[in-house]
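Below is one structure, written out as structure tokens; the observations come after it.
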Amino acid sequence: MAQIWIIAPGEGAKYMKECVEHNMMVLGWDCVGDIKQYKDKDSLKEALKEHCEEYKDKNPAQAANMLWNFANEVKVGDTILARDGLSKIIGAGTVTQEYIAPNDTNNPSSIDEHHQTIKVQWNNTEVQEVSHQMSRNTIVKVHGEDEEKFNKILEKLLGAIMTPENYIKLLKAQNQIILQGPPGTGKTRLAKIIAINMIKGDDTIQDDASNDDIKRAFDSLDNAKLIQFHPSYSYEDFVRGITAKIVKNKDGNSTISYEVENKILADMAQKAINDKDNKPYILIIDEINRANLSSVLGELIYALEYRDEAVDSMYALEKDEDGKSVEIEMQRKITLPSNLY
């Protein structure tokens, strides 16, 4: 579930302009380097004492805790609220890329001594007054009673985030997203709008389009599919499995042949790999929580995170797409490409 974080973009929010321009949020403490190199908060605390002048004579426990959360706890899809002082929220956005170390060549920050970075899609930078005083800490995880208070602010600031366009930005950054909510709140409808607009263009279908228009537009897509999970759904239904076929021989007699076949996920993955234009292929899984995901996905839980890496399937294809015999071991591999969403 997405978490809300309140972060100060420098004293007096002096770095907010650069953060918005470069779609990021930054912290200081470059003196410790890559936070991911430390095995726990205690080792990070020792590094602060050793490498950062400001902690030579004071306890760095609080700074270590904030840095650790920034690098290890803030996740893609989380909400960032930028604060100015203790009574103003000056921006809201969604995390699109987790921690980037100061020495990373892809780090977008050019702010002196502030290269501890995450990528953020800023969706609203209107100023909102907060009725209660916020924490002085540079980064704070919102929880408990504070969640209700800040949810009221989010209703104003995050309306812009809950649009198909911004879901598409998040999907492109992460390759997969889960839409969560009670039955009947429009998750499947929204998923179809996202697919249509991602494939055909951002303004093809508006959020207020009729269900009939959405259905027609989605059904016309060659590279988008929708399936529904249920409790008995299996790996053999979703990824790859054995199918029994009736085959007639030369004498006209029928026999049963058992063949390994790609199912919808492996089939879409192969089509996405073969697409020379690298078009997006989108698979919508309705009712995903009704199936046993560990059983249905198998080894592809790894492949979802590590795109374009081949993993071994439980079944090996004996023929390629042209019907020619191939090495079975080569066809045991399945790859989920980065253009499959």
Members of region 68-96 that are open to solvent by less than 10 Å² (accessible area, probe 1.4 Å), within 19 Å of Met134 (Cβ to Cβ) and of a type in the set (A, V, I, L, M, F, W, C): Phe70, Val74, Ile80, Leu81, Ala82, Ile89, Ala92
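Restricting to region 225-271, and then to whatever is of a type in the set (Gly, Ala, Ser) and closer than 26 Å to Lys333 by Cα, can you tell me which residue is nearest to the chain's Cα centre (by Cα)?
The selected residue is Ala269.
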Sole residue being at pLDDT 95 or above and either surrounded by 11 or more Cβ atoms within 10 Å (Cβ to Cβ) or within 30 Å of Ala217 (Cα to Cα) (or both), chosen from Tyr281, Tyr315: Tyr281
Those residues of region 168-194 which are part of a loop (DSSP other than H, G, I, E, B) and of a type in the set (Val, Ile, Thr), in sequence order: Ile177, Ile178, Thr185
So Arg307, is it in contact with a His (Cβ under 9 Å, 6 or more places away or on another chain) and not hydroxyl-bearing (Ser, Thr, Tyr): no
Filter result for the condition that a residue is of a type outside the set (A, V, I, L, M), modelled with pLDDT of 90 or more, surrounded by 13 or more Cβ atoms within 10 Å (Cβ to Cβ) and under 30 Å from Ala63 (Cα atoms), over Asn197, Asn175, Asn137: Asn137
Odd one out for Ala224 among (1) modelled with pLDDT under 95; (2) closer than 15 Å to Leu265 by Cα: (1)
Hey, Leu221 out of contact with any Pro (no Cβ under 8 Å at 6 or more places or on another chain), in a loop (DSSP other than H, G, I, E, B) and surrounded by 14 or more Cβ atoms within 10 Å (Cβ to Cβ) or not: yes
Tally of residues being under 14 Å from Asp84 (Cα atoms), open to solvent by 60 Å² or more (accessible area, probe 1.4 Å) and not in a helix (DSSP H, G or I) across region 5-26: 1
Condition check for Ser234: at pLDDT below 80, over 20 Å from Pro337 (Cα atoms), open to solvent by less than 70 Å² (accessible area, probe 1.4 Å) and of a type in the set (Ser, Thr, Tyr): no
Filter pass, Lys88 being farther than 17 Å from Met24 by Cα and in contact with a His (Cβ under 8 Å, 6 or more places away or on another chain): no
Close pairs (7 angstrom Cβ cut-off, 6 or more residues apart or separate chains): closer than 13 Å to Ile284 by Cα in region 191-215, of a type in the set (Ser, Thr, Tyr) and surrounded by 13 or more Cβ atoms within 10 Å (Cβ to Cβ) anywhere: Ile194/Tyr167; Ile196/Thr204
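Of the residues that make up region 101-110, is at least one of a type in the set (A, V, I, L, M, F, W, C), touching a Ser or Thr at 6+ places or on another chain (Cβ under 9 Å) and surrounded by 21 or more Cβ atoms within 10 Å (Cβ to Cβ)?
No, region 101-110 contains no residue that is of a type in the set (A, V, I, L, M, F, W, C), touching a Ser or Thr at 6+ places or on another chain (Cβ under 9 Å) and surrounded by 21 or more Cβ atoms within 10 Å (Cβ to Cβ).
The values are calculated or read from the model by the stated rules, or taken from the named source; none is laboratory data. Remember, predicted model here, so these are calculated numbers, not experimental data. Virtual Cβ from ideal backbone geometry, glycine too; neighbours counted across all protein chains shown. These accessible areas exclude ligands, DNA and RNA; they are computed on the full protein's heavy atoms, side chains included. Shrake-Rupley method; radii C 1.70, N 1.55, O 1.52, S 1.80 Å.
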